[in-house]
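For reference, the structure is listed below as structure tokens.
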Amino acid sequence: MREFLTGNYAAAYGVKLSRVEVVSAYPITPQTSVIEKISEFVEKGELKAKLIRVESEHSAMAAVIGAAFSGARAYTATSAQGLLYMYEMIWWAAGSRLPVVAGIVTRAIAPPWSIWTDHSDFMTLRDAGWAMLFASSAQEVLDMTIQAFKLAKELMLPVAVGWDAFITSHTAEPVEVPPQEQVDYFLGEKKKSPAAVDFENPFAHGALAFPKDYPKFREDIHRTLKAAGEVYSNIERRYYEATGRERYGLVEEVFCEDADAVMFIMGAAAGDAIHAAGELRRKGLHVGVARIRSIRPFPRNEVEKIARRASKVIVFDRSYSLGFGGVLATEVRSVLHEEGVDTPVISVTGGLGGSDLSPEYFEKIFLKGLGV
Amino acid sequence: MVELPVARPSVGAAGKTGNWRLFKPSIDYRKCIKCLLCWMYCPDGVISLSGKGLPVIDYEYCKGCGICAEECPVKAIEMVKEVEG
Amino acid sequence: MSLLEQFPREEYLLKGNAACAGCGPALALRYVLKALGPRTVLVIPASCSSIIAGAYPKSAFKVPVYHIAFAASAATASGLVEGLEAQGIEANVVVWAGDGGTVDIGLQGLSGAAERNHNVTYICYDNEAYMNTGIQRSGATPYGAWTTTTPLGNKGRKKDLPFIMAAHNIPYVATASPAFPKDLVNKVAKAQKIRGFKYIHILAPCPTGWRYDPRLTVKIARLAVMTGFWPLLEIEHGRLRLNNPSTNLLDPARRRPLKEYLELQGRYRHLSEEDLKVLQRQIDEQWARIKAMLRVQEELEDQVEQGQGERQR
Amino acid sequence: MLLEFRWHGRGGQGVVTAALLFARAAVNKGLYALAIPFFGAERRGAPVVAFNRISDKVIRMRSSVKRPDFVAVLDPSLLGLVDVAGGLKLGGTLIINGSKETAEEFVEKVGKRVAVVDATGIALELGLKLSGYALANMPMVGAVARVSGVVDLDALRKAVYDVWDGRVADSNWAGVERGFKEVKIFG
């Protein structure tokens, strides 16, 4: 069914269709309308979930962890300060191998206060053992949220689905909402999680591990996430088979095949970059956009392949590793170095704190990158 | 297979804790009135009951805290020094 | 009733665990688990009990346990109980947390969970300092007590968490002591039957941190009650009641001299006469407050009764 | 085809609702539409904007609209405060909640095509009010639809009844319909 939804409402529809059993959250702009819509679904009886209106984000993630330990399908959403406040629990969820899903409506980190988008908050998840997907439209928020529950279960790891504050979260657009039966078919029968509480064969989850035992748990998460690209691709394929929705892969490539300069970019601004690339192509310039949809697993193969074909790589970051540089650029460079690809990489950081990124802006970057 | 950080219930999760002991509780069964207070107050649950209802101490795990001796109403339990070797 | 009838033989805290010899919290937990039985899941934040549990791959608990970060136990239990309910699984969800994890870092989450009234029993085992990290002062450390961060004696006053929890209007609040196992087990069993958020606070002596011979754990726990330092009480649906033997201690003359309790513990060794008076005054105030509360409660109940009588006429 | 719209109003006047409703109507016509609110920390009364992009193809551009084809002004008091004509395309139209005089004055000043509708008057007549504000947004949606020619009355009607029901839907629909019918173009 075609609905007209904001990104946040699309997330709520994704949660509803995934038959989530426990939702726990604390309000923060711009995440709030995700939870408001879910509350509406729950109160109207359209979603049979327990909604825990906690007193902090730390508790929101803790409650979701508890719910996942009970074996229930659990969801939360947050932004910026909220994500930072739940950070301790973020690691706990991954270390416990609990398949929770969190929506991250990206927002700049204070101070100074900002409620607008950038990706600094989302990027703090990189080292924490989470799978990290990023959407660029309301449609994708819905699709990815549903896919995330499957991915979480298959990896036995938490999954974050990110999307930009306001630009995606509050922008409304036509969204294809798949019928419940299709989503049910896609997600399949709920099986008992091996990490869930067991009264017949009790175990203690997360007990002290001495140095001889600790590393194997971390190594297993590392291994699992590194190999997760194929898992996600399979999930996307199965989602396509179930619903007929589009497939993009870990990187969506637009005009990349014959591009001299390719821009790697993540999030809603990719739309403006694609528009800019289209305009430049009309003027005879060969530029392309590679929209990164997954940070963990990092699309190593795709990045390598795309960069090898191009003569110039531009990496656009909406966040910094402060004192070092663009986060995505660092990862792209690292992959290219490891794979022996010597295409020059230009790092550009912009759009911080919601500063507007127009097609004109991206045209300039492309031209600079091409040396025109 | 997921490497889950889960630990299974086991006696001796911290090893044979009997070797922590400096003093060892010794029950004088002639004095014992089977009140079971020693069993009740043992923090380690190392006292079990024999078929005759007498308290029996599991020295493999008794840490020798002496609560049983302290709480025994008829002073039937004595703490004796562990002999070396 | 014989002891064996009251205390099931089954041990759920397994021997050979990593508790110190004479551990008050371990003793209390042994009772708690006997009262609750196997269909119980413990949520344990950072605390001595994370260590008592032993190390991977072995666990000293014969029930399921979720080890969680310091501040997160109440919220984790909230999610756990709601998740179980959502799936139609019945079990006792119990938080087993130390005083630091309860009165300090966990208080925000605890308050939230209590206000939401999840069907959880939260038990604080209070050994009056951060014992696991090596005896640092907590909000539950009493006045005058030595800790490694109050080398000259604590100047603060023990935070009165049972009454703070009672102010949340949860269905059940109780205090308990491992020296009175029957009372403790009864309270846990009662809490188990009440739906909603239950809070039980157990004063659990720690030989390592309180500086005493481990054989004295029960004796000291008993003296804490008999001197009036630690009143045994319960607040059921808002109604306060003292439990034996504290029932008799409203009369100061029936209380044992505080000194008997303090002099057994190295952490009070340096206490001056002046300090002793301060501590005694705090205890007297505590009892005066309990007395006043009981009186007001009775008056209110009379008024309500009369009011109902009048309406009936 | 890509048409871009900018809506001006004050916090609480339903600018975002107008953009949402208009986009829904466009979707009902089989078009692709985005309703983009520019969210600030705005409070009631502060000047606010929202945008629409409407096309026959999927639109991926999500930045704020800088070169609108149409600008709607929900509150005439903003005319002197905000550069409502800023970036308006050559041949673009301003649709203003106001009188014939306002329009004539404005045509002279900005040299653009201007349309007016007495949206506040219509709203008050129909009792369209929320928390003390006359909701000029409904007649304005009708007016913008008519002037832009993007959506017809059927598409608008469906949009209104998809979002609201009962009496609220009826009176909102009456507002939209009257705005559609009463808007006049000058210059």
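Number of residues in the stretch A:1-24 that are open to solvent by 10 Å² or more (accessible area, probe 1.4 Å) and of a type in the set (Val, Ile, Thr): the value is 1.
Here B:Met40 meets each of (1) in contact with a Cys (Cβ under 7 Å, 6 or more places away or on another chain); (2) facing chain C (nearest Cβ under 8 Å) with one exception, condition (1).
Looking across the stretch D:70-100, just one residue is over 13 Å from the mean Cα position of the chain (by Cα), more than 13 Å from D:Arg10 (Cβ to Cβ) and either part of a helix (DSSP H, G or I) or aromatic (Phe, Trp, Tyr) (or both), and that is D:Lys100. Residues of the stretch C:1-45 that are at the interface with chain B (Cβ under 7 Å from one of its Cβ atoms), open to solvent by 10 Å² or more (accessible area, probe 1.4 Å), of a type in the set (Gly, Ala, Ser) and out of contact with any Cys (no Cβ under 8 Å at 6 or more places or on another chain): C:Ala18 alone. Within the stretch A:57-95, the set of residues being within 11 Å of another protein chain (Cβ to nearest Cβ) and closer than 13 Å to A:Tyr26 by Cβ comprises A:Glu57, A:His58, A:Ser59, A:Ala60, A:Met61, A:Ala62, A:Ala63, A:Val64, A:Thr76, A:Tyr85, A:Met86, A:Met89.
Restricting attention to the stretch B:1-46, the residues that are of a type in the set (D, E, K, R) and under 17 Å from B:Met79 (Cβ atoms) total 5.
Of the residues making up the stretch C:171-188, those that are assigned to a helix (DSSP H, G or I) and either closer than 30 Å to B:Arg21 by Cα or not charged (D, E, K, R) (or both) number 6. All of (1) at pLDDT 95 or above; (2) under 22 Å from C:Pro57 (Cα atoms) hold for A:Val183 with one exception: (2). Apart from one condition, A:Lys312 fits all of (1) open to solvent by less than 10 Å² (accessible area, probe 1.4 Å); (2) touching a strand residue (DSSP E or B) at 6+ places or on another chain (Cβ under 6 Å); the exception is (1). Is it the case that the stretch D:108-122 has a residue that's of a type outside the set (Val, Ile, Thr), under 14 Å from the mean Cα position of the chain (by Cα) and open to solvent by less than 10 Å² (accessible area, probe 1.4 Å)? Looking for residues that are of a type outside the set (Val, Ile, Thr), under 14 Å from the mean Cα position of the chain (by Cα) and open to solvent by less than 10 Å² (accessible area, probe 1.4 Å), one finds at least one in the stretch D:108-122, hence yes. Inspect all residues belonging to the stretch C:207-225 and state whether any of them is surrounded by 15 or more Cβ atoms within 10 Å (Cβ to Cβ), among the polar types (S, T, N, Q) and away from every other protein chain (no Cβ under 14 Å). No, the stretch C:207-225 contains no residue that is surrounded by 15 or more Cβ atoms within 10 Å (Cβ to Cβ), among the polar types (S, T, N, Q) and away from every other protein chain (no Cβ under 14 Å).
Give the stretch A:325-360 a look and list any residue that's within 14 Å of another protein chain (Cβ to nearest Cβ) and either touching a Pro at 6+ places or on another chain (Cβ under 9 Å) or surrounded by 18 or more Cβ atoms within 10 Å (Cβ to Cβ) (or both), or say none.
A:Gly351, A:Gly353, A:Gly354, A:Leu357, A:Ser358, A:Pro359
Against the condition acidic (Asp, Glu), assigned to a helix (DSSP H, G or I) and under 22 Å from C:Leu233 (Cα atoms), how does C:Glu298 come out, does it pass?
It is true that C:Glu298 is acidic (Asp, Glu), assigned to a helix (DSSP H, G or I) and under 22 Å from C:Leu233 (Cα atoms).
Looking across C:Ala140, C:Ala176, C:Ala129, one residue alone is of a type outside the set (Val, Ile, Thr), buried (at least 24 other Cβ atoms within 10 Å of the Cβ), within 24 Å of C:Glu285 (Cα to Cα) and touching a Ser or Thr at 6+ places or on another chain (Cβ under 6 Å). It is C:Ala129.
Taking the stretch A:1-78 as the region of interest, the strands (runs of 3 or more DSSP E) fully inside it that hold 2 or more residues being hydroxyl-bearing (Ser, Thr, Tyr) are A:74-78. Starting from the stretch A:337-351, take each residue that is free of Cβ contacts under 8 Å to residues at least 60 places away in the same chain and list its partners that are open to solvent by 30 Å² or more (accessible area, probe 1.4 Å) and hydrophobic (A, V, I, L, M, F, W, C), counting only C-beta distances under 9 angstrom and pairs at least six apart or across chains. Here the result reads none, with nothing in the stretch A:337-351 linked to a residue that is open to solvent by 30 Å² or more (accessible area, probe 1.4 Å) and hydrophobic (A, V, I, L, M, F, W, C). Taking the criterion of being of a type in the set (A, V, I, L, M, F, W, C) and closer than 16 Å to D:Ala143 by Cβ, the residues of the stretch D:80-117 that qualify are D:Val84, D:Leu94, D:Ile95, D:Ile96, D:Ala103, D:Phe106, D:Val114, D:Ala115, D:Val116, D:Val117. The sole residue among A:Leu125, A:Leu98 that is within 14 Å of another protein chain (Cβ to nearest Cβ) and either surrounded by fewer than 23 Cβ atoms within 10 Å (Cβ to Cβ) or not β-branched (Val, Ile, Thr) (or both) is A:Leu98. For C:Ala167, the conditions (1) touching a strand residue (DSSP E or B) at 6+ places or on another chain (Cβ under 9 Å); (2) away from chain A (no Cβ under 14 Å); (3) among the hydrophobic types (A, V, I, L, M, F, W, C); (4) without any contact (Cβ under 8 Å) to a residue 40 or more places away in the chain are fulfilled apart from (1). Among the residues of the stretch C:245-261, are any under 13 Å from C:Ala145 (Cα atoms) and among the charged types (D, E, K, R)? No, there is no match, as no residue in the stretch C:245-261 is under 13 Å from C:Ala145 (Cα atoms) and among the charged types (D, E, K, R). Scanning the stretch D:163-187 for residues being over 24 Å from D:Glu105 (Cα atoms), touching a helix residue (DSSP H, G or I) at 6+ places or on another chain (Cβ under 8 Å), surrounded by fewer than 19 Cβ atoms within 10 Å (Cβ to Cβ) and among the aliphatic types (A, V, I, L, M) gives a total of 2. Scanning the stretch D:34-48 for residues that are within 19 Å of A:Gly7 (Cβ to Cβ), open to solvent by less than 60 Å² (accessible area, probe 1.4 Å) and more than 7 Å from every other protein chain (Cβ to nearest Cβ) turns up just one, D:Gly40.
Whether any residue in the stretch B:8-24 is part of a loop (DSSP other than H, G, I, E, B), touching a Cys at 6+ places or on another chain (Cβ under 9 Å) and closer than 29 Å to C:Asp183 by Cα is what I want to check. Scanning the stretch B:8-24 turns up no residue that is part of a loop (DSSP other than H, G, I, E, B), touching a Cys at 6+ places or on another chain (Cβ under 9 Å) and closer than 29 Å to C:Asp183 by Cα.
Of the residues making up the stretch C:264-313, just one is surrounded by 14 or more Cβ atoms within 10 Å (Cβ to Cβ), over 21 Å from the mean Cα position of the chain (by Cα) and charged (D, E, K, R), namely C:Asp275. Would you be able to say whether some residue in the stretch C:87-100 is crowded, with 24+ Cβ neighbours inside 10 Å and without any contact (Cβ under 8 Å) to a residue 40 or more places away in the chain? Within the stretch C:87-100 (the criterion being crowded, with 24+ Cβ neighbours inside 10 Å and without any contact (Cβ under 8 Å) to a residue 40 or more places away in the chain), the answer is no, since none of the residues qualifies.
Scanning the stretch C:195-206 for residues that are more than 18 Å from C:Leu110 (Cα to Cα) and either open to solvent by 10 Å² or more (accessible area, probe 1.4 Å) or among the hydroxyl-bearing types (Ser, Thr, Tyr) (or both) yields a count of 1.
When B:Leu36, B:Leu49 are checked against the criterion of being in contact with a Lys or Arg (Cβ under 8 Å, 6 or more places away or on another chain) and open to solvent by less than 60 Å² (accessible area, probe 1.4 Å), B:Leu49 stands alone in meeting it. Whenever a residue of the stretch D:136-159 is open to solvent by less than 10 Å² (accessible area, probe 1.4 Å), its partners that are hydroxyl-bearing (Ser, Thr, Tyr), lying with C-beta atoms within less than 8 angstrom and at least six residues away or across chains, give the pairs D:Ala136/D:Thr120; D:Asn137/D:Thr17.
The values are calculated or read from the model by the stated rules, or taken from the named source; none is laboratory data. What you see is a predicted model, and the numbers here were worked out from it, not measured in a lab. A quick note on method: Cβ atoms are made from the backbone with ideal geometry, for glycine too, and the neighbour counts reach across all protein chains shown. Heads up: the accessible areas ignore ligands, DNA and RNA and are worked out on the full protein's heavy atoms, side chains in. Shrake-Rupley method; radii C 1.70, N 1.55, O 1.52, S 1.80 Å.
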